[in-house]
Amino acid sequence: MNGKRAYGDYQTPEDFSLDVCRYLKENRKVTPSIVIEPTCGTGSFVKSSLIFEASEIIGIELNSKYCEMCEETIDDSRVHILNADFFSFDFKSIINKKEHILIVGNPPWVNNSTLSNLNSDNLPVKSNFKGLKGMDAITGSSNFDICEYIILRLLASLHGTSSTIAMLCKTSVARNIFIEMKRTHTAFKTCDIFEFNAKKVFGINANACLLIIELSKQDISTDICNVYSFSNPKKIIRSFGYIGGKFYSNIANDVDDFSGKCCFEWRQGIKHDCSKVMELTFQGSALINGLGEKVDIEDKYIYPLIKSSMFKLPIVQRLNKYVIVTQKKIREDTSHIEIDAPKTWDYLMSHKEFFSDRKSSIYKNAPNFSMFGIGDYSYSRYKVGVSGFYKKPLFCVLQCDNKKPVMIDDTGYFIAFPTYDAAYTAMLILNSERVQKFLLSVAFLDAKRPFTKKVLERIDFHKILSSIKVCELIDTEKQLKLKTHFKAHMLTEFKLLPELTQESLVMCI
């Protein structure tokens, strides 16, 4: 695969790379003795680095044609272009015993799974480079951005130096770098983000930035990362980082500290990776699958389904989307369906090739038509759910008219409750103004999925219930334009739920 997409190839315009280098020299007072561009492409940053009084400027590039272009267009004895692969290059051979190192550039903006799908050879040797454990290493948390990998490898190579790293990258990558540096106790003096318009610079829609890291020889680090605009680099737009060991995406003074451990267990919805077969829609009186086929099967394994795009009302009762649910728990044998619901079994068997084509390793050696994210909790009648994708979370009570439990797809999350009133009260609590402000302070709204399980697990109901008032929940009910249902006794009864009372006892012991 030789196309640009296989290399995450967005060449930096020379006027922008020059602006970056001028900022580093004039505003940050960077005075490198050596400049290295680890993925130099056609050489924009190499050319712009000529403004520094460095004794050596090195560009590393895998594409031999780009190397030739650099050598033809850059005439300076300090410049050395190396035709080499970053992923196998020994950086220590260059930086060993060097002082005042500047690493600058624009690494590929693409992740490893995309490159794998493109059959690209521009990939690092596959490894769990962040040391993820369990299901995180299997189900996608180990999917990583190539740019992130490159910067982290550079950080490892430059450990114990006072080097400066200045890289163009997605803003989400910059945040991940900061978090990983704190996790691995990397020594650094500053870590700052300067946002710029990627549409204007590269012609792409992405949240992008210049990430500047000043490493340190001393065992120090800052807990806060400041975000600026590259066009106005003196004014802080916002800050994120750690306060009291807890991470906040937006540090603000007017936000309640509701951060802790959630006493209710947030669950992710069901995953089947076979929507054309498993998901059904009523058209008139007929069930139609994603292939446009009319489906005639028993009702036994059909359940109402809510997807992320359907979290639009605080109470969801009517749904026209359904899903076939084949298991009660993960890896449960499914052969009984042939006896319990023969038409359903025949339908699934007739589409078996769709299940065989599922690529995720979680289905390996699993029973026929297996699902993931399924358990007793999936069959709870009363749930409060939320889409992971929305920029402002709307928590919804999920209860279907036909009395069957509502299933949520794997882009949503939920907690289960024993009664409708408990679910309704939880929905009001989570949608209340102060809780919403807290959630916006711990989630990154420009992420593909701002509200993940990890974010939701930080909601400490004990802290919320110690300060929230009945009048706040009444106001929330009005703001959501709901018919009056909430009464003061519902909050009192909510506080007596086992998850809350048991947790309180543990805290007192």
Name the residue farthest towards the positive end of the dipole of segment 397-509 from the options 400, 470, 444, assuming +1 on Cβ of Lys and Arg, -1 on Cβ of Asp and Glu, about the Cα centre.
444
Strictly over 27 Å apart at the Cα level, which of 329/359; 170/364; 328/495 would you flag in this model?
170/364; 328/495
Of the listed peptides 336-349, 96-109, what is their order by residue-averaged count of other C-beta atoms within 10 Å, with the highest listed first?
96-109, 336-349
Within 10 Å, count the other beta carbons around each residue, average over each peptide in 311-322, 434-445, and list them highest first.
434-445, 311-322
Can you list residues from other chains, or at least 5 along the same chain, whose modelled amide H is less than 5 Å from the amide H of residue 208?
171, 196, 198
Would you mind giving the average projected area, over all directions, of the Cα convex hull of segment 267-508 in nm² with one decimal?
14.8 nm²
Between residue 328 and residue 449, what is the label-to-label distance in nm when each label sits 7 Å out along the Cα-to-Cβ direction?
2.8 nm
Would you mind checking the pairs 307/448; 294/343; 234/448; 312/383; 246/463 and listing those with alpha carbons more than 24 angstrom apart?
234/448
Would you please give the residues with an amide H less than 5 Å from that of residue 323, counting only those at least 5 places away or on a separate chain, with H modeled from the backbone geometry?
280, 303, 305
Potential extension, residue 481-residue 200 segment - 0.36 nm per residue separation minus Cα distance
97.0 nm
Segment 452-464 - phi-based ³J(HN,Hα) in whole Hz, Karplus 6.51/-1.76/1.60, Gly and Pro as x:
9, 4, 4, 5, 5, 5, 7, 6, 9, 5, 4, 5, 5
Between (1) 23.9, 79; (2) 24.3, 84; (3) 26.7, 80, which entry matches Rg and Dmax of the Cα atoms in Å as derived from the coordinates of this structure?
(3)
Helix-only mean residue ellipticity at 222 nm for the chain, each DSSP H run of n ≥ 4 adding -39500 (n - 2.57), per residue, nearest 500:
-7500 deg cm²/dmol
Mind checking which aspartates and glutamates have their Cα closer than 15 Å to the Cα of residue 437? Skip sequence neighbours fewer than 8 apart in that chain.
254, 256, 257, 460, 472
Between residue 81 and residues 5 or more places away or on another chain, which pairs have amide H atoms under 5 Å apart, with H built 1.01 Å from N, and which residues are they?
59
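Any read-out appearing in this document is the output of simple, stated calculations on the displayed coordinates, not a laboratory observation. Predicted model only: the values in this text are computed from it and were never measured. FYI the Cβ positions are ideal-geometry reconstructions off the backbone, even for glycines, and counts take in every protein chain you see.
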